[in-house]
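One structure below.
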Amino acid sequence: MNVHKRLSVFLASSALLCGLAAGNGAAHAAVDASAKQVLGIDVSNHNGPVDFKAVKKDGRDFAFVLATDGSSFRSELFDRQYRGASKAGMFRGAYHFARPDSSATKQANHFLKTVNYRNDGKSLPPVLDMEANPADPHGSTCYGLNHKQMKAWIKDFLGKVKKTTKRDAIIYTSPVFWRECTGNSKAFKDNPLWIAQWGVGKPDKIGGWPDYTFWQYSESGHVDGVKRKVDVNRFNGGVAKLGKLAQG
């Protein structure tokens, strides 16, 4: 893609992923119900420049930032957003938008070269973003791969990331994608789960994970420092626990 729009990609595939549309009321309800949990956002070049100091003051303690998409796309705002979150005193993480119809190793190398991941105590584990095929939102949800092929692709990507960073990458996905495209595989339950499910009081349990680590509960949040609506997330624990995750 010439211009990656993280939010529009998710919206284009949301009917396949979740079958949900979260309104502001649902988003606020989720926040109120989880007052003890740490809140955060995820952004891409679609969100434009972000004032992370304002984001931090608005009660968000972590941010995930799009680094790469497929084998060649690199967000032109990645460095600025990634550094900005860290300078604001937030935990930050980088994510890769997967295209499982091309080489997992090539995509992992592209991601790792872009991020130059460091175990600095403030960086969350790398993220593999597994979603429906945005290029064919009304057709092949799973990029034409069967369950065995999809699991093999994920395993190859995660293996390369762990070999380089020594970290078990976070898997971002939705209940629908995981069930339809991996057969609800339990093979990756040792990797932290970042689940995307909007407009519900609690996300589904999938893939043998006992619970989520992160939950994207709305794609239409309003956060100081971000001009447009933004994806908003919860961490399943407090700041101390989030710090331990960052420290590995």
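Rule-based calculations on the coordinates, nothing more; no lab input. Since we're looking at a predicted model, the values are computed, not measured. Glycine gets a Cβ as well: all are built from the backbone with ideal geometry, and neighbour counts include every protein chain shown.
Let me make sure I get this right: for region 193-243, a, b and c are the square roots of the gyration tensor eigenvalues over alpha carbons, sorted descending. Under 1.5 in a/c it's rounded, otherwise prolate if a/b > b/c, else oblate. Which is it?
Numbers: a/c = 2.93, a/b = 1.42, b/c = 2.07.
Verdict is oblate for region 193-243.
Extending each Cα 7 Å along its Cβ direction at Ser102 and Ala135, get the distance between those two points in nm, one decimal.
0.7 nm
So how strong a dipole does region 6-247 carry about its Cα centre when Lys and Arg Cβ are +1 and Asp and Glu Cβ are -1, to the nearest 20 debye? Mind dumping the intermediate values first?
Working: 35 positive and 22 negative charges, 178 e Å.
Dipole of region 6-247, to the nearest 20 debye: 860 debye.
For region 129-248, just say rounded, prolate or oblate: build the C-alpha gyration tensor, square-root its eigenvalues into a ≥ b ≥ c, call rounded for a/c under 1.5, and beyond that prolate if a/b exceeds b/c, oblate if not. Intermediate results must be reported in sequence, preceding the final value.
Numbers: a/c = 1.67, a/b = 1.16, b/c = 1.45.
Oblate is the answer for region 129-248, as a/c is 1.5 or above yet b/c matches or exceeds a/b.
Fewest Cβ neighbours within 10 Å first, please rank Thr173, Thr165 accordingly. Intermediate values should be presented prior to the final figure.
On the way: Thr173 26, Thr165 18.
Ranked by crowding around the Cβ, least crowded first: Thr165, Thr173.
Starting from the Cα of Asn184, step 7 Å along the direction of its Cβ; do the same at Asn109; then give the gap between the two resulting points in nm.
Once both label points are built, they end up 3.8 nm from each other.
Please give the net charge around Gly183, taking every other residue with its beta carbon less than 10 angstrom from that of Gly183, where Lys and Arg add +1 and Asp and Glu add -1.
After counting each charged neighbour, the total is +3.
Work out how much length Asn116 to Gln247 would gain on full extension: take 0.36 nm times their residue separation and subtract the Cα-Cα distance, in nm to one decimal. All intermediate terms of the calculation are to be shown ahead of the outcome.
Working: separation 131, 0.36 × 131 = 47.16 nm, distance 1.65 nm.
Taking 0.36 nm per residue and subtracting the Cα distance, the gain is 45.5 nm.
Which of the peptides 231-239, 145-153 is most tightly packed, and how do the rest follow, going by the mean number of other Cβ atoms within 10 Å of each residue?
Working: 231-239: 19.6, 145-153: 16.4.
Ranking, from highest mean packing down: 231-239, 145-153.
Sticking with the crude label model, points 7 Å out along Cα→Cβ, report the distance from His222 to Lys163 in nm, one decimal please.
Result: 4.9 nm between the two label points.
Taking just the alpha-carbon atoms of region 6-247, what radius of gyration and Dmax come out, in angstrom?
When restricted to Cα atoms, region 6-247 yields Rg and Dmax of 16.3, 45 Å.
Find how much the distance from Asp211 to Lys229 grows on full extension, using 0.36 nm per residue of separation minus their present alpha carbon separation; answer in nm with one decimal. Could the numbers behind the result be given before it?
Details: separation 18, 0.36 × 18 = 6.48 nm, distance 2.69 nm.
Residue separation times 0.36 nm, minus the Cα-Cα distance, leaves 3.8 nm.
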